[in-house]
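**Student:** Structure provided below as structure tokens; questions to follow.
The values are calculated or read from the model by the stated rules, or taken from the named source; none is laboratory data. Here the structure is a predicted model, which means the values were calculated and not measured. Note that we place each Cβ from the backbone using ideal geometry, even for glycine, and neighbour counts take in every protein chain shown.
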Amino acid sequence: MSDIYDLVKRYPWLPSLKTYYSNIALRNPLDFLNEIFSSNKSKDLKNRVLNLFTDAFNNIEQISDYSFDETNINIYLILRILLYALNDKILSNRVANIYSKTTYNVLNKENEYNLDCIYKDLDLEVNYEEKPTVYKKIVLKSQEEISRTNFKISFIDYLKLASKLKDDYRKLVNNALQHGYVYIKPESLNRLLQEHVRMKLLAQNIRESTNLDVFKEKLFEIQEFKELYDTIVAIWELKKDEFEYTVDITFKEGQDMSKVFPPCIKEILSKAQEGQNLIHTERLFILWVLNALKYPEDKIINVFSTLPDFDREKTAYQVKYAIKKGYTPYSCKSLKSYTLCMANKYKDKLCLNGYFSKKLQEQRQISHPLFYIQYKQFVASIKTKPEKTNLNDKDA
């Protein structure tokens, strides 16, 4: 298994880490940090870890100095300890995203033999066939698109890997399934592994944190680690305001629109800000909404830039395409059918109770998120007038 021994240097999240590098992977974290930061590797380690965090904070889409040496293993283990100690959801998402994106890009460059070794190490039932199988044909305007692959994965393992990705096209019923296996291209399977790696890092934030303060006190006795921790926190505090400003979308430069957004929009923007994955319908909806509000292309693209699978070139193409087509955002009825309505979660009175229409002399329900924004803007304009105006005296 020398192949896996070398592959673990590239992918230290593999289970074989505990087998071939048990001398560091199974050690007490404090003993591991004491030894590593008192060695001649300390300076290089600190620089590379700091660079990784800085890349994440600056929304770089690939770790700038990712390498395939044993130091990469140490960095991964230090990273897990740091994310646990930092205990910051947004920060962890940013770091987990760039790390998993880098993993995905590296996996896509692997040959089929190495991929097979990786899948086996993860105990995934993935079969490779010498002859590629045609598993999908699409005919559109006399153009035929044929999808072929040499790989198929047990539907049980597919479901385990895809459980956190809610996009419709990842559902089992929307994939080629035969005799208990899902036919899948390597890059699609690697995308599932990307999410697996991301969730492994984010798991640091959901572990028992009762003894976190005690553990951090012991960690901070290691001077080199304490300095690294403090530097990361200082950089994050400086970047946080800038980061939050860029995702706090403004309709007009300097005008905060967040107060007039309905819960459905707030929810998706909040998830994007935290670096959570968005399902396909969420992505389409927020894209169409921002386009309808005439946001510049670069601002729309930047909303998606924090997502785990962000690809700037693809996103730019999709944004341009949507703008060209002029798609209309989902209505409230459609949002409810897609379970994207957040009225109950946010206890939003306008969504739940509606408004009184003077023109129709009746209580009306909000039927579209864009009307919600218009209504909120109308109310805000009334409140800013010098003289108070009774809202019911105006046609709504």
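**Student:** Just give me the residues in the range 18-58 being aromatic (Phe, Trp, Tyr) and farther than 14 Å from Ile73 by Cβ, in sequence order.
**Tutor:** Phe37, Phe53, Phe57
**Student:** Please enumerate the residues belonging to the range 333-344 that are in contact (Cβ under 8 Å) with a residue 40 or more places away in the chain and not small (Gly, Ala, Ser).
**Tutor:** Going residue by residue through the range 333-344, those that are in contact (Cβ under 8 Å) with a residue 40 or more places away in the chain are 335, 338, 340-343.
The answer is Leu335, Tyr338, Leu340, Cys341, Met342.
For every residue, the table says whether it meets (1) assigned by TED's automatic domain parsing to the domain that holds Ile90; (2) within 28 Å of Met199 (Cα to Cα); (3) in contact with a Lys or Arg (Cβ under 9 Å, 6 or more places away or on another chain).
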{"site": "Ser258", "(1), (2), (3)": "no, no, yes"}
{"site": "Cys264", "(1), (2), (3)": "no, yes, no"}
{"site": "Gln276", "(1), (2), (3)": "no, yes, no"}
{"site": "Ile279", "(1), (2), (3)": "no, yes, yes"}
{"site": "Phe304", "(1), (2), (3)": "no, yes, yes"}
{"site": "Lys314", "(1), (2), (3)": "no, yes, no"}
{"site": "Tyr321", "(1), (2), (3)": "no, no, no"}
{"site": "Lys325", "(1), (2), (3)": "no, no, no"}
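**Student:** Taking only the range 115-150 into account, find how many residues are in contact (Cβ under 8 Å) with a residue 24 or more places away in the chain and part of a strand (DSSP E or B).
**Tutor:** 8
**Student:** Moving on. Just give me the residues in the range 157-197 being free of Cβ contacts under 8 Å to residues at least 40 places away in the same chain, hydroxyl-bearing (Ser, Thr, Tyr) and in a helix (DSSP H, G or I), in sequence order.
**Tutor:** Result: Tyr158, Ser188.
**Student:** I'm trying to understand the selection: among the residues of the range 337-356, which are over 24 Å from the mean Cα position of the chain (by Cα), under 21 Å from Ser270 (Cα atoms) and part of a loop (DSSP other than H, G, I, E, B)?
**Tutor:** Result: Lys347, Asp348.
**Student:** List the number of the failed condition for Ile153; all other conditions in (1) surrounded by fewer than 18 Cβ atoms within 10 Å (Cβ to Cβ); (2) touching a residue at least 12 places away in the same chain (Cβ under 8 Å); (3) β-branched (Val, Ile, Thr) hold.
**Tutor:** Condition (1) is where Ile153 drops out.
**Student:** Has the range 163-184 got at least one residue that is among the hydroxyl-bearing types (Ser, Thr, Tyr), surrounded by 12 or more Cβ atoms within 10 Å (Cβ to Cβ) and more than 30 Å from Thr133 (Cα to Cα)? Steps first, answer last, please.
**Tutor:** At the first step, the residues of the range 163-184 found to be among the hydroxyl-bearing types (Ser, Thr, Tyr) are 163, 169, 181, 183.
After this cut, where a residue has to be surrounded by 12 or more Cβ atoms within 10 Å (Cβ to Cβ) as well, the list is 163, 181, 183.
Still in the running and more than 30 Å from Thr133 (Cα to Cα): none.
Looking for residues that are among the hydroxyl-bearing types (Ser, Thr, Tyr), surrounded by 12 or more Cβ atoms within 10 Å (Cβ to Cβ) and more than 30 Å from Thr133 (Cα to Cα), one finds none in the range 163-184, hence no.
**Student:** Can you report the number of residues in the range 41-69 which are touching a residue at least 40 places away in the same chain (Cβ under 8 Å) and either loosely packed, with under 14 Cβ neighbours inside 10 Å or assigned to a loop (DSSP other than H, G, I, E, B) (or both)?
**Tutor:** Qualifying residue count for the region: 7.
**Student:** Let me ask something additional. Filter the range 87-109 down to the residues that are surrounded by fewer than 19 Cβ atoms within 10 Å (Cβ to Cβ) and in contact (Cβ under 8 Å) with a residue 40 or more places away in the chain and list them by number.
**Tutor:** Of all residues in the range 87-109, those surrounded by fewer than 19 Cβ atoms within 10 Å (Cβ to Cβ) come to 87-90, 105-106, 108-109.
Within the range 87-109, Asn87, Asp88, Lys89, Ile90, Asn105, Val106, Asn108 qualify.
**Student:** Might you let me know whether the range 356-369 holds any residue that is among the basic types (Lys, Arg), outside the structural domain of Val260 (by TED's automatic domain parsing), at negative phi and at pLDDT 90 or above?
**Tutor:** Scanning the range 356-369, I find no residue that is among the basic types (Lys, Arg), outside the structural domain of Val260 (by TED's automatic domain parsing), at negative phi and at pLDDT 90 or above, so the answer is no.
**Student:** Answer with yes or no whether Ile24 is crowded, with 21+ Cβ neighbours inside 10 Å and either in contact with a strand residue (DSSP E or B) (Cβ under 6 Å, 6 or more places away or on another chain) or at negative phi (or both). Please lay out each step first, then the result.
**Tutor:** Values: crowded, with 21+ Cβ neighbours inside 10 Å: no; either in contact with a strand residue (DSSP E or B) (Cβ under 6 Å, 6 or more places away or on another chain) or at negative phi (or both): yes.
Answer is no for this residue.
Results for (1) of a type outside the set (Asp, Glu); (2) in contact with an Asp or Glu (Cβ under 9 Å, 6 or more places away or on another chain), shown as yes or no for each residue.
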residue	(1), (2)
Asn23	yes, no
Asp31	no, no
Gln62	yes, yes
Thr71	yes, yes
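**Student:** Among the numbered criteria (1) surrounded by fewer than 18 Cβ atoms within 10 Å (Cβ to Cβ); (2) touching a strand residue (DSSP E or B) at 6+ places or on another chain (Cβ under 8 Å); (3) at pLDDT below 90, which single criterion is violated by Ala203?
**Tutor:** Condition not satisfied by Ala203: (2).
**Student:** Tell me whether the range 12-23 contains one or more residues that are more than 28 Å from the chain's Cα centre (by Cα) and outside any helix (DSSP H, G or I).
**Tutor:** Yes: one or more hits.
**Student:** For the range 306-343, enumerate the residues that are closer than 19 Å to Tyr295 by Cβ and among the hydroxyl-bearing types (Ser, Thr, Tyr).
**Tutor:** Residues satisfying the conditions are Thr306, Thr315, Tyr317, Tyr321, Tyr327, Thr328, Tyr330.
**Student:** Looking at (1) closer than 23 Å to Ser16 by Cβ; (2) modelled with pLDDT under 90, which is the only condition Glu144 fails?
**Tutor:** For Glu144, the failing item is (1).
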